[in-house]
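*Asks:* What follows is a structure written as structure tokens; I'll ask about it next.
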């Protein structure tokens with residue numbers, strides 16, 4: 001396990017977090033930052049989008065988290081012929097009772113892996129919007145609440161790959177964080193080959209935390225102190241994205257809320273009971289960059305939202 005978590009937080013929650021991280025990192029051996037960011041989003045109640053080329057461990061990371069928690073887990077493989085009803089569920093006529101009975105779809109779970117989400121049509125992608133934004137789905141006029149733990153880990157291939165559809169802006173805004181895993185080093189790739197010589201490490205992974213443990217951690221994360229100055233610092237960053245040249249659509253207020261909550265969770269994971277500017281700066285890009293839409297001129301010039309956001313962070317004074 002990585003040694004970047006000082007064991008100084010007095011609560012039981014840090015011990016639970018450390019145990020969960022150790023369990024996940026027994027499978028994901030070489031990408032500790034991705035594990036940390038994934039857990040920061042999970043503990044803050046946000047959803048995560050993992051974007052990278054095939055084979056970099058996106059699905060393995062999602063399965064490692066699900067397998068480490070005693071929670072219900074379902075996976076949806078998104079394909080061009082997938083329908084909204086395949087995700088949400090359908091009403092089936094019960095011959096015996098002469099009535100329609102709702103059969104819930106795979107979205108009714110605690111941890112959902114939406115694999116290769118951008119291979120489905122925009123109509124099907126939008127089936128997740130209400131569930132991710134309001135923790136409920138409306139089907140045939142009936143409201144169906146989601147589980148309080150409901151957490152979506154979506155993966156997508158780069159948009160220039162064949163058979164992909166860009167996620168709509170409203171869908172992107174539902175993800176608290178989005179980041180890439182990247183390729184591992186040569187040494188780590190050899191270790192991965194060794195670990196999978198006879199079987200996959202996921203095969204021996206067992207749950208190490210309960211639903212009640214996650215409730216405790218989420219409550220502790222929400223209780224982490226964040227000063228008014230740092231809240232204004234977050235707002236300054238978000239607002240600046242709306243007036244920066246080259247940005248056609250800046251970040252929404254939801255981006256600031258996600259960044260605040262994720263920063264609180266990160267502070268808890270690092271064993272401190274207050275948010276610092278470092279926490280905000282570390283998570284600003286994965287929390288905001290995917291929400292920005294560049295104008296055509298910036299797109300053609302090769303500008304990247306992450307670089308634009310980095311320049312914004314460098315320009316805004318850090319609270320003392």
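The values are calculated or read from the model by the stated rules, or taken from the named source; none is laboratory data. This one's a predicted model, so the numbers in the text were calculated from it and none came from an experiment. Here Cβ is always computed from backbone atoms with ideal geometry, including for glycine, and neighbour counts include all displayed protein chains.
*Asks:* Checking the condition free of Cβ contacts under 8 Å to residues at least 40 places away in the same chain, out of contact with any strand residue (DSSP E or B) (no Cβ under 7 Å at 6 or more places or on another chain) and over 17 Å from residue 41 (Cβ atoms), which residue from 240, 304 passes?
*Replies:* Details: 240 fails: free of Cβ contacts under 8 Å to residues at least 40 places away in the same chain.
Matching residue, one of 240, 304: 304.
*Asks:* Only one of these is without any contact (Cβ under 8 Å) to a residue 40 or more places away in the chain, out of contact with any strand residue (DSSP E or B) (no Cβ under 8 Å at 6 or more places or on another chain) and exposed (fewer than 12 other Cβ atoms within 10 Å of the Cβ): 204, 185. Name it.
*Replies:* Details: 185 fails: without any contact (Cβ under 8 Å) to a residue 40 or more places away in the chain.
From the options 204, 185, the qualifying one is 204.
*Asks:* Ok, one more. Among the candidates 257, 308, 280, single out the residue that is in a helix (DSSP H, G or I), under 27 Å from residue 169 (Cα atoms), touching a helix residue (DSSP H, G or I) at 6+ places or on another chain (Cβ under 6 Å) and outside the structural domain of residue 35 (by TED's automatic domain parsing). Before you say what the answer is, go through the steps one by one.
*Replies:* On the way: 257 fails: touching a helix residue (DSSP H, G or I) at 6+ places or on another chain (Cβ under 6 Å); 308 fails: touching a helix residue (DSSP H, G or I) at 6+ places or on another chain (Cβ under 6 Å).
One residue alone meets the criteria, 280.
*Asks:* Another question, then. Looking only at region 82-96, how many residues end up being assigned to a helix (DSSP H, G or I) and surrounded by 15 or more Cβ atoms within 10 Å (Cβ to Cβ)? Spell out how you get there, then give the answer.
*Replies:* Narrowing region 82-96 to residues assigned to a helix (DSSP H, G or I): 84-88.
So of that shortlist, the ones also surrounded by 15 or more Cβ atoms within 10 Å (Cβ to Cβ) come out as 84, 86-88.
Within region 82-96, residues that are assigned to a helix (DSSP H, G or I) and surrounded by 15 or more Cβ atoms within 10 Å (Cβ to Cβ) number 4.
*Asks:* Still on this model: For region 139-225, please list each of the strands (runs of 3 or more DSSP E) lying entirely inside it that holds at least 1 residues being farther than 28 Å from residue 103 by Cα and in contact with a helix residue (DSSP H, G or I) (Cβ under 9 Å, 6 or more places away or on another chain).
*Replies:* Per the criteria, 175-179.
*Asks:* Follow-up question, since we're still on this one. Of the residues 255, 248, 221, 267, only one is under 26 Å from residue 180 (Cβ atoms) and in contact with a strand residue (DSSP E or B) (Cβ under 6 Å, 6 or more places away or on another chain); which?
*Replies:* Numbers: 255 fails: in contact with a strand residue (DSSP E or B) (Cβ under 6 Å, 6 or more places away or on another chain); 221 fails: in contact with a strand residue (DSSP E or B) (Cβ under 6 Å, 6 or more places away or on another chain); 267 fails: in contact with a strand residue (DSSP E or B) (Cβ under 6 Å, 6 or more places away or on another chain).
Answer to the selection: 248.
*Asks:* Write out, first by first residue and then by second, each pair whose Cβ atoms fall under 6 Å of each other, whose residues are 6+ apart or on separate chains, and whose first residue, in region 24-40, is closer than 15 Å to residue 183 by Cα while the second is part of a loop (DSSP other than H, G, I, E, B).
*Replies:* Taking only residues 6 or more apart or on different chains, the pairs are 30/184; 31/181; 32/2; 34/181; 35/28.
*Asks:* Right, here's the next one. Tell me, which residue of region 59-81 that is crowded, with 19+ Cβ neighbours inside 10 Å and within 21 Å of residue 121 (Cα to Cα) is nearest to the chain's Cα centre (by Cα)?
*Replies:* 59
*Asks:* Which of (1) surrounded by fewer than 23 Cβ atoms within 10 Å (Cβ to Cβ); (2) within 27 Å of residue 186 (Cα to Cα); (3) at pLDDT 80 or above does residue 50 not meet, given it meets every other one?
*Replies:* (1)
*Asks:* Of the residues 71, 62, 131, only one is touching a residue at least 60 places away in the same chain (Cβ under 8 Å) and in a helix (DSSP H, G or I); which? Spell out the reasoning first.
*Replies:* Details: 71 fails: in a helix (DSSP H, G or I); 131 fails: touching a residue at least 60 places away in the same chain (Cβ under 8 Å).
Exactly one residue qualifies, and that residue is 62.
*Asks:* Going through 251, 267 one at a time, which residue ends up being within 23 Å of the chain's Cα centre (by Cα), part of a loop (DSSP other than H, G, I, E, B) and touching a residue at least 12 places away in the same chain (Cβ under 8 Å)? Show your work before the answer.
*Replies:* Numbers: 267 fails: part of a loop (DSSP other than H, G, I, E, B).
One residue alone meets the criteria, 251.
*Asks:* Kindly list the number of the only condition in (1) loosely packed, with under 14 Cβ neighbours inside 10 Å; (2) touching a residue at least 12 places away in the same chain (Cβ under 8 Å); (3) within 27 Å of residue 165 (Cα to Cα) that fails for residue 103.
*Replies:* (3)
*Asks:* With respect to residue 35, is the statement that it is in contact with a helix residue (DSSP H, G or I) (Cβ under 6 Å, 6 or more places away or on another chain), surrounded by 15 or more Cβ atoms within 10 Å (Cβ to Cβ) and in a strand (DSSP E or B) true? Give the steps one after another, and end with the answer.
*Replies:* Details: in contact with a helix residue (DSSP H, G or I) (Cβ under 6 Å, 6 or more places away or on another chain): yes; surrounded by 15 or more Cβ atoms within 10 Å (Cβ to Cβ): yes; in a strand (DSSP E or B): no.
No; evaluated as a whole, the condition is false for this residue.
*Asks:* Let me ask another. Scan 112, 128, 88 and give me the residue that is closer than 26 Å to residue 66 by Cα, in contact with a helix residue (DSSP H, G or I) (Cβ under 6 Å, 6 or more places away or on another chain) and in the same structural domain as residue 46 (by TED's automatic domain parsing).
*Replies:* Working: 112 fails: in contact with a helix residue (DSSP H, G or I) (Cβ under 6 Å, 6 or more places away or on another chain); 128 fails: in contact with a helix residue (DSSP H, G or I) (Cβ under 6 Å, 6 or more places away or on another chain).
Unique residue meeting the criteria: 88.
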